[in-house]
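Read through the structure below, which is laid out as structure tokens, and then see the notes.
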Amino acid sequence: TIIQKLLLTTARPDANQNNLRSAAYESIMELLKSSPRDCYAIVQETTVTIIARLEELLHHRQSGNEKTAGGNFNDLQSLLCATLQCVIKKMQQGDAIQISDTVMSAFLMMMSSNEQSSEVQEDALMAVGTVMEVTDKHFAKYMDSFWPYLVASLQNHAEYSVCAASVGIVGDMCRTFGAEMANFSDKLMDMLVAALSNQGLHQSVKPSILSTFGDIAMAIGPVYTKYLQVVIHILKQASEATVDKNDYEMLDYFNELREGILEAYSGIVQGLKGEDAANNQLEQLRPYLQIIIQLIISVSEDRDKTDSLTCCACGLIGDIVTGYGGSVKNLVQFDSIADLLSQGRRSRISKTKSMAHC
């Protein structure tokens, strides 16, 4: 097959020249991403090959024979990690669970070395997130082993790409474990708040942290009330940020920041509402509704808002109206909010259109 030929190409003696190895692995990944169901056997074969290569590479590192692996050691690890992540996404859950012990052992070994580059650490974290997504609650068996690496990555504010990848893992955990996230949420919330408070943290990580506050709220439900006051204070502060709109890079960041804030509020509204009316804690949020509505109005009046920001704002309006019913009618009856919903309905993006029909 083409993939077999490409795998042979990655093992050529001259594969480290002219980006040949990298190009071959990237081609393999593209083929796997678009592979149809009747090629599943090839996916399985490729998975076995990539796992064997990654284990061999890690063995070379442990024995101090990195040069025998050929090429740049860190680049090889990243390529194998990314390819393995790609094949795992294509695997059926039962098959993924069968290989998950071996795969997680390799990923944990990659993260255990202090000598690893931030790129390798980031790739390993993203691959772990894929294993979590595919194996679902089965991943719980690895949490004791993985937790120390997650903590270290969340606290690694200097290597912001690693920190960002670990924030993504927290979101994956929320979607995987649901209410069981309450076992981890205290420590995670402390670390996320500490990261935001660190002036040295790259600003690109902050929107995703804010959004993750909402993920945690949706996962643990009404229990989230214990974090509410602190989180609202952080979101309010973040919403007061201003940027020079002539600086397009900062304008992009500003829109991403507000997306993160709106996503956090949406998650909080949904989480406090809960699935059981008897445990509904939305009244705890009512004193802050005016602050939230003011942010939505501010977004609606901004000519530089992106479509995705419009989508988030429309979604939040829907969540508030659904959660509180007629009692918030007067709060949302503003021309600017009506205009925002109209803009959303005219969007070419189906998700924005759907959110605007609230």
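The values are calculated or read from the model by the stated rules, or taken from the named source; none is laboratory data. Computed from a prediction, not measured in an experiment: that's the story for all the values here. Please note: Cβ atoms are built from the backbone with ideal geometry, for glycine as well, and neighbour counts cover all protein chains shown. Side chains are part of the model used for accessible areas, which takes the heavy atoms of the whole protein and leaves out ligands, DNA and RNA. Shrake-Rupley method; radii C 1.70, N 1.55, O 1.52, S 1.80 Å.
Compute the length gained on full extension between LYS89 and VAL151: take 0.36 nm times their separation in residues and subtract their Cα-Cα distance, giving the result in nm to one decimal.
19.8 nm
For SER117, enumerate residues with amide H under 5 Å from its amide H, sequence gap 5+ or separate chain, H modeled in the peptide plane.
Amide H neighbours of SER117, under 5 Å, 5+ apart: none.
So which trypsin sites (Lys or Arg not before Pro) in the stretch 188-252 pass both tests, a DSSP loop state and at most 15 other Cβ atoms within 10 Å of the Cβ?
Hits after loop and neighbour filter: LYS245.
Taking the convex hull of the Cα atoms, report for the stretch 234-310 its projected area averaged over all directions, in nm².
Computing the convex hull of the Cα atoms and averaging its projections yields 5.6 nm².
Quick one: net charge of ALA356's neighbours, Cβ under 9 Å, K/R +1, D/E -1?
+3
Let me spell out the model: positive unit charges on the Cβ of Lys and Arg, negative unit charges on the Cβ of Asp and Glu, origin at the Cα centre of the chain. What dipole size does that give, in debye rounded to 20?
Value, rounded to 20: 680 debye.
Shape of the stretch 91-162 from its Cα gyration tensor (a ≥ b ≥ c, root eigenvalues): rounded if a/c is under 1.5, otherwise prolate when a/b > b/c, or oblate?
Judged from the Cα gyration tensor, the stretch 91-162 comes out prolate (a/c at least 1.5, a/b above b/c).
Could you run the Karplus curve 6.51 cos²θ - 1.76 cosθ + 1.60 with θ = phi - 60° over the stretch 238-243 and give me ³J(HN,Hα) per residue in whole Hz, x for Gly and Pro?
Result, ordered by residue: 5, 6, 8, 5, 10, 9 Hz.
How many percent of the alpha carbon pairs in the chain exceed a separation of 35 Å?
34 percent
Could you run the Debye sum over the Cα atoms of the stretch 9-167, one equal point scatterer each and no solvent, and tell me log10 of I(q)/I(0) at q = 0.10, 0.17 Å⁻¹, two decimals?
For the stretch 9-167 at q = 0.10, 0.17 Å⁻¹, log10 I(q)/I(0) is -0.35, -1.05.
When we measure straight from the Cα of LYS33, which aspartates and glutamates land under 17 angstrom away, once same-chain ones fewer than 8 places off are left out?
Within the straight-line cut-off, LYS33 pairs with GLU45, GLU133.
Not counting ligands, DNA or RNA, and with a 1.4 Å probe, what is HIS357's accessible surface area in Å² rounded to the nearest 10?
Estimated to the nearest 10 Å², HIS357 gives 120 Å².
Rounding to the nearest 10 and keeping the result within 0 to 90°, find how far the Cα-based axis of helix 160-177 lies from the longest principal axis of the chain.
Computed tilt is about 70 degrees.
Reachable lysines from LYS226, Cα under 20 Å, same-chain residues fewer than 8 places away excluded?
Excluding near neighbours in sequence, the set is LYS187, LYS236, LYS273.
Report, please, the projected area of the stretch 209-266 averaged over directions, based on the convex hull of its C-alpha atoms, in nm².
Averaging across all directions leaves 3.8 nm² for the Cα convex hull.
Can you tally the net charge around SER342? Count Lys and Arg as +1, Asp and Glu as -1, for every other residue whose Cβ sits under 12 Å from the Cβ of SER342.
Summing Lys and Arg as +1 and Asp and Glu as -1 gives +1.
Loop-only GluC sites (Glu not before Pro) in the stretch 195-268, please: DSSP not H, G, I, E or B, and at most 15 other Cβ atoms within 10 Å.
Here the GluC sites (Glu not before Pro) that fit, given the DSSP loop and packing criteria, are GLU240.
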